[in-house]
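Chemist: I am attaching a structure below and will ask some questions about it afterwards.
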Amino acid sequence: MRDIYLGNHMLVEYYDCDEELLEKVGFIEKIMVEAAEIANATIVESVFHQFNPWGVSGVVVIEESHLTIHTWPEYGYAAVDLFTCGVDLDAMKAFYYLKEKLESNRFTVNKINRGELSKINVKISFS
């Protein structure tokens, strides 16, 4: 029997980003919303916050889960979570879009399957 999961979670670290872009809350919110749209997500709400003296944190809540970001402009670094459920989404499209928009030269990606159905006592039958 194959493992079936409720969702997929990509933990992304973007390095060598444009430091000035990482400071702009309006820009960060715009590209995160666009990334959700590009991934074919259904947006519910977005909330973003500008820290003093710098840095941005935010979330785009989608019907299929969420996209989050935390920026450290002083290091040219952004941590992004792309947590998606459903078969109609393509989180990789969001990943590549954000890489381009943040002008990241290096990145790491850790993919985690979330909600393994066999471990939460859900019986699945294939016809």
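Chemist: Would you mind stating whether V33 is surrounded by fewer than 16 Cβ atoms within 10 Å (Cβ to Cβ) and either more than 19 Å from R114 (Cα to Cα) or in contact (Cβ under 8 Å) with a residue 12 or more places away in the chain (or both)?
Modeler: Working: surrounded by fewer than 16 Cβ atoms within 10 Å (Cβ to Cβ): no; either more than 19 Å from R114 (Cα to Cα) or in contact (Cβ under 8 Å) with a residue 12 or more places away in the chain (or both): yes.
Spelling it out, it is not the case that V33 is surrounded by fewer than 16 Cβ atoms within 10 Å (Cβ to Cβ) and either more than 19 Å from R114 (Cα to Cα) or in contact (Cβ under 8 Å) with a residue 12 or more places away in the chain (or both).
Chemist: Name the pairs: first residue in segment 50-76 and closer than 21 Å to Y5 by Cα, second residue assigned to a loop (DSSP other than H, G, I, E, B) and of a type in the set (A, V, I, L, M, F, W, C), Cβ to Cβ under 7 Å, at least 6 apart or on different chains?
Modeler: I62/A41; E64/A41; E64/L89
Chemist: In addition: Go through segment 36-52 residue by residue and tally those that are of a type in the set (A, V, I, L, M, F, W, C), surrounded by fewer than 18 Cβ atoms within 10 Å (Cβ to Cβ) and within 11 Å of H66 (Cα to Cα).
Modeler: Adding up the residues that qualify gives 2.
Chemist: I'm trying to understand the selection: among the residues of segment 89-110, which are surrounded by 12 or more Cβ atoms within 10 Å (Cβ to Cβ), within 12 Å of the chain's Cα centre (by Cα), under 19 Å from H70 (Cβ atoms) and not hydrophobic (A, V, I, L, M, F, W, C)?
Modeler: Y97, K99
Chemist: Further question on the same structure: Which pairs do you get when a residue that is assigned to a strand (DSSP E or B), found in segment 102-115, comes within reach of a residue that is of a type in the set (K, R), reach meaning Cβ atoms under 7 angstrom, with the pair 6+ apart or on two chains?
Modeler: F107/K99
Chemist: Condition first: in a helix (DSSP H, G or I), in contact with a strand residue (DSSP E or B) (Cβ under 9 Å, 6 or more places away or on another chain) and surrounded by fewer than 17 Cβ atoms within 10 Å (Cβ to Cβ). Now tell me which residues in segment 61-76 satisfy that.
Modeler: Just the residues of segment 61-76 that are in a helix (DSSP H, G or I), to begin with: 73-75.
From what is left, the residues that are in contact with a strand residue (DSSP E or B) (Cβ under 9 Å, 6 or more places away or on another chain) are 73, 75.
Selection gives Y75 alone.
Chemist: Is one or more of the residues making up segment 50-60 among the small types (G, A, S), at pLDDT 95 or above, assigned to a strand (DSSP E or B) and within 13 Å of the chain's Cα centre (by Cα)?
Modeler: Our first condition is that a residue be among the small types (G, A, S); within segment 50-60, this holds for 55, 57-58.
From what's left, at pLDDT 95 or above: 55, 57-58.
Adding the requirement that they be assigned to a strand (DSSP E or B) leaves 57-58.
Add one more test, that the residue is within 13 Å of the chain's Cα centre (by Cα), and what stays is 57-58.
Yes: segment 50-60 contains one or more residues that are among the small types (G, A, S), at pLDDT 95 or above, assigned to a strand (DSSP E or B) and within 13 Å of the chain's Cα centre (by Cα).
Chemist: Here are some conditions: (1) assigned to a helix (DSSP H, G or I); (2) within 12 Å of N8 (Cβ to Cβ); (3) without any contact (Cβ under 8 Å) to a residue 60 or more places away in the chain. Y96 meets all but one. Which one does it not meet?
Modeler: Failing condition for Y96: (2).
Chemist: Looking at segment 65-94 only, could you name the residues that are of a type outside the set (A, V, I, L, M) and more than 12 Å from E23 (Cα to Cα)?
Modeler: Quick first cut of segment 65-94, residues of a type outside the set (A, V, I, L, M) only: 65-66, 68, 70-77, 81, 83-86, 88, 90, 93.
If the condition is that a residue be of a type outside the set (A, V, I, L, M) and more than 12 Å from E23 (Cα to Cα), then S65, H66, T68, D81, F83, T84, C85, G86, D88, D90, K93 are the ones that fit.
The values are calculated or read from the model by the stated rules, or taken from the named source; none is laboratory data. The shown structure was predicted, so the numbers you read here are calculated from the model rather than taken from an experiment. Using ideal geometry, Cβ is built from the backbone for each residue, glycine included, and neighbour counts are taken over all protein chains shown.
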